[in-house]
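Below you'll find the structure, written out as structure tokens, and then a few comments.
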Amino acid sequence: MNRNLHLPSTADINLVLNLEDKKLPSFPQVAAKLLEAFREDTASLEDLSKIVGTDPGLSVRILEIVNSAMYGLGRKITALSEAMVFLGLSEIKKLAIEMTVFDKLFKSGRSTAFDRLLFWRHSLSVAVLSSQIAKEVGYPEPEEAYISGLLHDVGKIFLDIRGRKNYGEFIVKLSTSTDLVIEKERSVIGLGHDDVGAYLCSSWKLPEKITQVVKYHHQPFGQLDLPHEEKRLISIVSFANFLCWTQGIGSFDFIRPPILPPEVAETLKPETLDVTCCINHMNTEIEKISEFYQFVFPSADELRENILEANLKLSRANTRYYYQEDPLARVKDNTRNKISSDMDFELGKSLARAKSIKEVLDIVMYQIGRVFEPQNWSILLKDQKTSDMVFSIVVGINKDKLKGAKLPKGEGIAGFIMQTGESLVIEDVETDKHFSKRVDKHTGFETRSIIGTPLKTGGKIFGVIELINRVGDEPFSQQDLDLLSSIAEYAAIAIERAYYNQTLTTLATKDALTGLKNRWSFERAISNKNEMIKNYGSIFSILIIDIQGLRHIAAKGIDPDDILKKMASEMVRTKRREDDIFRYGENTFVIVLPQTYSDGSQIAKNRLSTRLSQAIDENSKLPVKINIFTQTIGDEDTDQLKQMISDSLSKSIEPLKENTVADLEYSLQELLEKDKEKQSGKKDKEKNPGKTVSLGGRFVRLKTGESAHMRVEQVSLKTIGFRISRSHRIQTNDFLDISFILDNIKKDLVERRIVVREIQGNFVVADFYNPPPYAKNLGFYLMS
């Protein structure tokens, strides 16, 4: 066995795959013979013809494909030998192996959730793209790259058909998380598809190079003693696999680009490749065979270089994040000892589960609060327009006064950190020349000690984490700064990763100008007939809106984008809740009307036409013409839906302008503001009085150590209201440690730190200090 493979043991495989009373699954005999023949340079067309002729089904399929539209021959070929002469050695090898692998291994499965056609589409795409990249970089055996790409995910097949755990259920759960596929397989199933696939390939005695690709297309391989060409082959297939996921051609029906092993960039130097050319070649090749396998493919005009750019940035962030050292491992032992054993400091695991930038920031701020216990701590981000610093995330005393406040570029300690990239610890701000008193004057706060560190990625600083005053009044130290700097480095990668993940999803599914779903989303929505009927009904209608004359208004100095945004806004106002709107082209939109017959679609058309005409009249009767076509679709017509739209629009459709990927350095603050706007229509939970209760408890005043009983009367996730004895010395902004028992079945004990916000006689209103992002016991209690 190859010492570089490090295969799982048979015992490990038996824990994952159900092989009891069954032989190990065999590799297709014809494919194995073809691989063996191609290892011999003397293999001739006659030799191959004999091997292929042993499988009647394969012979028929080769004749079918050579006579298909893919090759466009003027006459029909009926003899296998003639077909093989026409196709040639290289093409026969690829087709024969491809067809036998599909028929014998990939075609049918146990779970409907694991769509085999999507999986085969992905495998073929990776194979074609691997071959093209191999040619681009001068790899001597492009066919070897093709076969390796075809088989790279073979382990998933056996996790499905022989897995002890239901792989279909695994995929369904995976689709709602942000976890990497390979990591989720290892944690839930026990082994990843890479290890399972490599074990099988080795058992089948496939070429070691192919087995190595299957094993390491998701794993680092720099530590192995591999020849350069073998490292290149792994890198080629790994990069091709990644690129296919970025183009919506993954093995599952959701966008989840894998991480690239760190050696890929070093071995391949992707920046020197014409990636767009390679992908376009893949699209052309795959479209030729799409009818043969009945694939639905993202069309070539959906290729967006900016989406690819976002994916590459996401991959780099994922790679750094995945291989990042534990932030606590790099700091001195005496600093680590400051964190109690029950602190449960699991920053990495929490961040891995985060689905948005807001979640990442909340987790980072919560963990910082637990470790350092500051009175106030903030994340400042750059304003896109002015480069001023904005207090974007604020926790602690006087947070409401500080949140959203701006500091001019370069002002104060945070400004110095933002400009220089240096981390600072200031034990006494009165002795520091960079300290600005303007913030204290604005908030009424008295700053004594500060630590701050930059958030940066790719050499660019996009934010600052700043901590002010410790709860116990002890000044911050250099050891604190070392720990904070390590956490900030870890957090910056997680923020970058979340940003590009969020950006990627938006770019792939939404139109940047109007905010509507885009053409890619539409074609995904109609690609699966059963899903389309489930979402829209067996009979539904569509409105096709074609807006003409936009070029004329541009000549008059009016921005057509403003008109398109206005039109989109009117469509949203006019539609029913269940209707779906898509921007299909530069000046075309499609509205799907679920469970709507022709009479209903006519009513919707008239209503929309009136609203859009009124919108045009408001703009001084601009020379814009709006055509609205209606079409009612039955389940027998769904396969022709795209063609119907094409026929209706004829030549009027124009391709969409490309969306762009804004740089994280200046876009993070704006993105958070947009998220805040989305929540503006919801109730402010922080100010919501929450639940009225009567719960007994105790408090300890940190400043003096005095303690007493209290009666909790109001509680929410963020605030608490309670009564205490009239003879107390509690003051506003005091820190208290409280504990109280919920009156639920479990009698859960809640222990928290609070900051006193308001005192009315003996009734105290306080904010929870650093409330956890996920407070299960209190959260369930409040919902009950």
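The values are calculated or read from the model by the stated rules, or taken from the named source; none is laboratory data. As the structure is a prediction and not an experimental result, all values here were calculated from the model. Please note: Cβ atoms are built from the backbone with ideal geometry, for glycine as well, and neighbour counts cover all protein chains shown. SASA here: full protein model, heavy atoms, side chains in, ligands and nucleic acids out. Shrake-Rupley method; radii C 1.70, N 1.55, O 1.52, S 1.80 Å.
Working ranking of peptides 492-503, 603-614 by packing, defined as the average number of other Cβ atoms within 10 Å per residue, highest first, is 492-503, 603-614.
Accessible surface comparison of Thr443, Thr630, probe 1.4 Å, protein chains only, largest first: the order is Thr630, Thr443. For segment 385-461 versus segment 166-231, the inter-centroid distance based on Cα atoms is 46 Å. In this rough spin-label picture, where each label sits 7 Å from Cα along the Cβ direction, the Lys406-Lys534 distance is 4.8 nm. Applying 1/(1 + (r/R0)^6) with R0 = 22 Å to the Cβ-Cβ distance of Leu782 and Arg723, what FRET efficiency is obtained, to the nearest 0.05? Calculated value: 0.65.
Note that segment 517-623 presents 49 Å² accessible area per residue, ligands and nucleic acids not counted, probe 1.4 Å. Here the accessible area is traced with a 1.4 Å probe on the protein chains. For segment 718-784, carbon and sulfur cover 51 percent of it.
Treating r as the C-beta distance of Lys385 and Asp599 and R0 as 60 Å, the FRET efficiency rounds to 0.75. For the cross-link pairs Lys184/Lys529; Lys385/Lys456; Lys156/Lys215; Lys575/Lys605, the ones whose C-alpha atoms lie over 22 Å apart are Lys184/Lys529.
What a 1.4 Å probe finds exposed on segment 413-518 is 46% carbon and sulfur by accessible area, rounded to a whole percent. The peptide list 444-455, 146-157, put in order of mean Cβ contacts within 10 Å with the highest first, becomes 146-157, 444-455. Between His709 and Thr692, the simple spin-label model (points 7 angstrom out along Cα→Cβ) gives 2.3 nm. Only Lys, Arg, Asp and Glu carry charge here, each on its Cβ (+1 for the first two, -1 for the last two); on that basis segment 112-268 has a dipole of about 480 debye about its Cα centre. Computed with a 1.4 Å probe on the full set of protein chains, the accessible area for Phe780 sits at about 130 Å². Summary of the geometry: segment 569-608 and segment 715-784, compared by the centres of their Cα atoms, lie 49 Å apart.
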